[in-house]
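Below is one structure, written out as structure tokens; the observations come after it.
The values are calculated or read from the model by the stated rules, or taken from the named source; none is laboratory data. In this text the structure is predicted, and so the values were computed from the model without any measurement. Positions of Cβ are generated from backbone atoms using ideal geometry, with glycine treated the same way; all protein chains shown enter the neighbour counts.
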């Protein structure tokens, strides 16, 4: 159903406006009895605005997409990503090893671009690992096993079209494969050699073209520490708004790249041992190289504890992986 406020304006998720929250939730039929007692913004996600709400019968999470990137309002973003994320939760709801590690989707409003999700409690993400804390073998094994379960899921034909997620892929393609290697994007002190490396740039372009191609394997699409949670029941996974059907090697490659950025390269062997499905590991490493590059010289910067020499070393690793 379409929901607008009393002035006919679109609903905007705001933890400080409990009146609007109550009116929206009642209008959507998501609140039968009590009202919202308290609300607060949670997380520091890049893409969406997320709020935890408390009612008499428990706490829940509301997540709203807006037509821009929340962290970077100057960057437009496809607002239909909310519907794609909701579809991801729906199609994987009964998939063993996937739904058990993700919050349950309780409701979705397409017109408000609003997801109503199970609250996983006071979980924290793995972003602190960039400051030097190794995620560890057990967590790495759990994260790999999630990908095995997800990639082994046979995506139903009716869901394939929406889960192509082409608009979000087009956005990510720009920031992963095009913009970082443009001279005007900055970071000349660390990126100059790569931008002048014709072989590297051609290989990145080929990877980008492959990323935009459709496949049959459902991917998370943004498998990095901000999407991994230390929850009460163990490792949990959130934020599949970049999901799409493509190469399994993409998810694995992004995973490997962030283990490298976490100074946990030794955990690559854990991933290789635990990932029990067939995989083109050379392709996964090329995707890892591209992810390293965009996280070092692209818009999506990370809280890395690294000086200029370390960043230059990682860009050399990127070249080695992409051009091997």
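Among the residues of segment 82-97, write down those that are surrounded by 15 or more Cβ atoms within 10 Å (Cβ to Cβ) and either outside any helix (DSSP H, G or I) or in the same structural domain as residue 219 (by TED's automatic domain parsing) (or both).
Selection gives 92, 95, 97.
When you look at residue 208, is it in contact with a strand residue (DSSP E or B) (Cβ under 7 Å, 6 or more places away or on another chain) and either within 22 Å of residue 282 (Cα to Cα) or not in a helix (DSSP H, G or I) (or both), yes or no?
It is false that residue 208 is in contact with a strand residue (DSSP E or B) (Cβ under 7 Å, 6 or more places away or on another chain) and either within 22 Å of residue 282 (Cα to Cα) or not in a helix (DSSP H, G or I) (or both).
Given 42, 79, which one is out of contact with any helix residue (DSSP H, G or I) (no Cβ under 8 Å at 6 or more places or on another chain), under 13 Å from residue 241 (Cβ atoms) and not assigned by TED's automatic domain parsing to the domain that holds residue 220?
Criteria check complete, one pass: 79.
Quick one: is residue 103 under 18 Å from residue 292 (Cα atoms) and either in contact with a strand residue (DSSP E or B) (Cβ under 9 Å, 6 or more places away or on another chain) or not assigned by TED's automatic domain parsing to the domain that holds residue 52 (or both)?
No; evaluated as a whole, the condition is false for this residue.
Could you go through segment 291-301 and let me know if any residue there is within 22 Å of the chain's Cα centre (by Cα), assigned by TED's automatic domain parsing to the domain that holds residue 144 and closer than 23 Å to residue 149 by Cα.
Yes: segment 291-301 contains one or more residues that are within 22 Å of the chain's Cα centre (by Cα), assigned by TED's automatic domain parsing to the domain that holds residue 144 and closer than 23 Å to residue 149 by Cα.
What number of residues in segment 49-75 are touching a residue at least 60 places away in the same chain (Cβ under 8 Å), in a strand (DSSP E or B) and more than 14 Å from residue 15 (Cβ to Cβ)?
Number satisfying all stated conditions: 1.
Do we find a residue being modelled with pLDDT of 95 or more and surrounded by fewer than 16 Cβ atoms within 10 Å (Cβ to Cβ) anywhere in segment 282-304?
Yes: one or more hits.
Output the residues belonging to segment 21-43 that are surrounded by fewer than 19 Cβ atoms within 10 Å (Cβ to Cβ), free of Cβ contacts under 8 Å to residues at least 60 places away in the same chain and within 27 Å of residue 124 (Cβ to Cβ).
If the condition is that a residue be surrounded by fewer than 19 Cβ atoms within 10 Å (Cβ to Cβ), free of Cβ contacts under 8 Å to residues at least 60 places away in the same chain and within 27 Å of residue 124 (Cβ to Cβ), then 37, 38, 40, 41, 42 are the ones that fit.
Please specify each residue of segment 222-245 satisfying the condition of being within 22 Å of residue 293 (Cβ to Cβ) and out of contact with any helix residue (DSSP H, G or I) (no Cβ under 7 Å at 6 or more places or on another chain).
222, 227
Can you list the helices (runs of 4 or more DSSP H) found entirely within segment 98-194 that contain at least 2 residues being closer than 30 Å to residue 14 by Cβ?
Of the helices (runs of 4 or more DSSP H) lying wholly inside segment 98-194, those with at least 2 residues that are closer than 30 Å to residue 14 by Cβ span 166-173.
I'm checking my understanding of the structure. Among residues of segment 182-207 that are at pLDDT 90 or above and surrounded by 17 or more Cβ atoms within 10 Å (Cβ to Cβ), which one is nearest to residue 85 (Cα to Cα)?
207
Would you confirm whether any residue within segment 217-232 is loosely packed, with under 15 Cβ neighbours inside 10 Å and closer than 30 Å to residue 121 by Cα?
Scanning segment 217-232 turns up at least one residue that is loosely packed, with under 15 Cβ neighbours inside 10 Å and closer than 30 Å to residue 121 by Cα.
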